[in-house]
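Heads up: the structure comes next, in structure tokens.
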Amino acid sequence: KEVGLIIDSKDIVLTSDELNTYSDEEIENTIENTVCTFDKIETVSAATYILPGWTQLSWNTKADGKGTEYALGASVKNLTSTNGDEIELFAIYEPNEYVVTYNGNQPPRASTTVTGSVDSTTHTYDVESSLNQAQKFVLEGYTQKGWNTRADGTGRSFAMNAKVIDVVTEGTTVLYAE
């Protein structure tokens with residue numbers, strides 16, 4: 001996927017630096033072209049590519065983010081000193097953080113009450129990290145074997161001390177004791 005600003009009929013291509021590692025199906029939108037005129041103040045696109053688990057921060061003249069950075073929606077004049085030059089801008093991303101909270105998941109037929117608490121954990125998308133390893137819930141007569149994304153146990157299961165990656169793309173999710 002590419003989009004461009006046009007300066008005197010020459011494309012300034014805005015592409016995501018993540019497009020090399022993510023398929024077109026993972027990028028959930030396109031950005032329309034904008035026409036720019038040399039020696040006139042123009043606006044760099046404020047629209048962003050939607051890449052699940054990531055937030056676009058800016059545009060940059062280098063894919064590694066070490067070139068000239070332009071804020072989303074920034075006012076610019078002449079991205080190049082030569083009228084008609086072509087400039088390629090790359091979308092710069094950062095991974096989203098998400099929070100996992102833990103629920104004791106009291107079984108309906110249990111004769112005692114779940115005790116204990118498990119502190120929430122913060123994770124970063126596309127980075128492997130551990131679920132809470134220091135705490136677990138206690139229910140007399142039961143042994144907690146792990147966690148599940150659904151209270152009824154039909155969701156995605158994780159071992160007690162599992163290392164996880166990408167439980168969700170952003171926000172907060174609940175894991176239920178099983």
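The values are calculated or read from the model by the stated rules, or taken from the named source; none is laboratory data. For clarity, every value in this text was computed on a predicted model and none was experimentally measured. Every residue, glycine among them, receives a Cβ derived from its backbone with ideal geometry; neighbour counts consider all protein chains shown. For the accessible areas, the whole protein counts, side chains as well, though only heavy atoms, and no ligand, DNA or RNA atoms are used. Shrake-Rupley method; radii C 1.70, N 1.55, O 1.52, S 1.80 Å.
Computed values, structure above
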{"quantity": "Residue match in the stretch 73-85 (condition: in contact with a Ser or Thr (Cβ under 8 Å, 6 or more places away or on another chain), of a type in the set (Ser, Thr, Tyr) and touching a residue at least 24 places away in the same chain (Cβ under 8 Å))", "calculated": "yes"}
{"quantity": "Residue tally, condition in contact with an Asp or Glu (Cβ under 9 Å, 6 or more places away or on another chain) and part of a loop (DSSP other than H, G, I, E, B), over the stretch 56-84", "calculated": "10"}
{"quantity": "Qualifying residue in the stretch 101-116 (condition: at pLDDT below 90, closer than 30 Å to Thr48 by Cα, loosely packed, with under 14 Cβ neighbours inside 10 Å and not polar (S, T, N, Q))", "calculated": "no"}
{"quantity": "Matching option when the condition is out of contact with any Cys (no Cβ under 8 Å at 6 or more places or on another chain) and modelled with pLDDT under 85, among Lys66, Lys62", "calculated": "Lys62"}
{"quantity": "Test: residue in the stretch 76-85 that is under 30 Å from Ile165 (Cβ atoms) and either open to solvent by less than 30 Å² (accessible area, probe 1.4 Å) or under 18 Å from the mean Cα position of the chain (by Cα) (or both)", "calculated": "no"}
{"quantity": "Out of Val174, Val164, sole residue that is of a type in the set (A, V, I, L, M), open to solvent by 40 Å² or more (accessible area, probe 1.4 Å), touching a strand residue (DSSP E or B) at 6+ places or on another chain (Cβ under 9 Å) and under 26 Å from Thr55 (Cα atoms)", "calculated": "Val174"}
